[in-house]
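Note sheet for the following structure.
The values are calculated or read from the model by the stated rules, or taken from the named source; none is laboratory data. All values derive from a computational prediction rather than experimental measurement. We place every Cβ from the backbone using ideal geometry, glycine too, and count neighbours over all the protein chains shown.
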Amino acid sequence: MKEQINLAKQRWKFALEDKKFRYSLVSFMLIVVIQFAFISQYQFFLETRQGVVFIDPITGNLPVWNLDIPTFIAIYSAHLLAIILALLKPEKFLQIIIGYFFVYFFRIIAQFLLPLEPPVGIIPMNDPLLVWFGDGQLITKDLFYSGHTSSTFMILLVTENFKARVYIFIALLVIVFGILIQRVHYTVDVYAAFFFTFTAYRLGLFIIKKLNFKFANCE
């Protein structure tokens, strides 16, 4: 582990000496911060719109449970693990930042084009991050597609460590089960998340390859 940390320090030293990497990292981090600030206000707009409501053919007849605690433990532990491991390689850390951007960029557009009413029987989730960014108001209409599913699937795709991938995969199953059994999303919100996320992942990978950082393979 000590060798990995020393190697990571060396990689970051070389990375930060690369002007192209510095500009890319700062730019995308700034964009993501602005994007999340926008989303915190955009959600209030979504709450004012009349949307479509329907009975989910898969979860519509299942019991409703409040699974906030295990769901958010799965969400934040998986993301924290992925980010810590990504810090071992600067280009992987940048890829996660870019992935977050595209996942939520596509989601903003998808939500605008497909307004939905929350599923019948919803138990709203109290996401501590969204509450912190917002004003504490519960959001129930940011539906298509599932942000928690998509962002967690994205870090699963980016993560290289096998054991970490297994943990993130299990966390993703917990998240999907939690948001569906709590009626926070329709099943279609979860299905669509995987397709949009894979596109976001491929775009991030394409950008990283095009930037072609010279330090990427340093050992």
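Would you confirm, using the coordinates I've provided, whether V184 is at pLDDT 95 or above, of a type in the set (V, I, T) and under 29 Å from P57 (Cα atoms)?
No; evaluated as a whole, the condition is false for this residue.
Test A110 against the stated conditions and say whether it is small (G, A, S), assigned to a helix (DSSP H, G or I), at pLDDT 95 or above and in contact with a Phe, Trp or Tyr (Cβ under 6 Å, 6 or more places away or on another chain).
Answer is yes for this residue.
Out of the residues in segment 17-52 meeting the condition of being without any contact (Cβ under 8 Å) to a residue 40 or more places away in the chain and of a type in the set (A, V, I, L, M), tell me which one is farthest from L94 (Cα to Cα).
Per the criteria, the residue is I34.
From the list A74, A78, A15, A86, pick out the single residue that is over 21 Å from V184 (Cβ atoms), of a type outside the set (S, T, N, Q) and under 23 Å from the mean Cα position of the chain (by Cα).
Checking each option against the conditions leaves just A86.
Of the residues Q50, Q35, which single one is modelled with pLDDT of 90 or more and in a loop (DSSP other than H, G, I, E, B)?
Sole residue among the options that is modelled with pLDDT of 90 or more and in a loop (DSSP other than H, G, I, E, B): Q50.
Suppose we filter segment 53-72 for residues that are within 19 Å of I168 (Cβ to Cβ), touching a residue at least 24 places away in the same chain (Cβ under 8 Å) and assigned to a helix (DSSP H, G or I); how many remain?
3
Looking only at segment 156-176, count every residue that is among the β-branched types (V, I, T) and under 19 Å from W65 (Cα atoms) and tell me the total.
Residues meeting the conditions: 3.
Could you please find all residues in segment 13-31 being of a type in the set (A, V, I, L, M, F, W, C), closer than 30 Å to S146 by Cβ and surrounded by 17 or more Cβ atoms within 10 Å (Cβ to Cβ)?
Result: L25, F28.
Would you call F196 at pLDDT 95 or above, at negative phi and touching a Phe, Trp or Tyr at 6+ places or on another chain (Cβ under 9 Å)?
yes
Can R22 be described as part of a helix (DSSP H, G or I), modelled with pLDDT under 90 and within 26 Å of the chain's Cα centre (by Cα)?
Here the answer is no, as R22 does not meet what is asked.
Just one of T71, T48, T59 is over 29 Å from F206 (Cβ atoms), surrounded by fewer than 14 Cβ atoms within 10 Å (Cβ to Cβ) and among the polar types (S, T, N, Q); which is it?
Residue meeting the stated conditions: T48.
Hey, any hits in segment 46-66 for a residue that's touching a helix residue (DSSP H, G or I) at 6+ places or on another chain (Cβ under 6 Å) and small (G, A, S)?
No, segment 46-66 has no match at all.
Out of segment 114-135, which residues are modelled with pLDDT under 90 and of a type in the set (D, E)?
Correct list: D127, D135.
Before we move on, is I139 under 17 Å from F38 (Cα atoms) and either of a type in the set (D, E) or assigned to a helix (DSSP H, G or I) (or both)?
no
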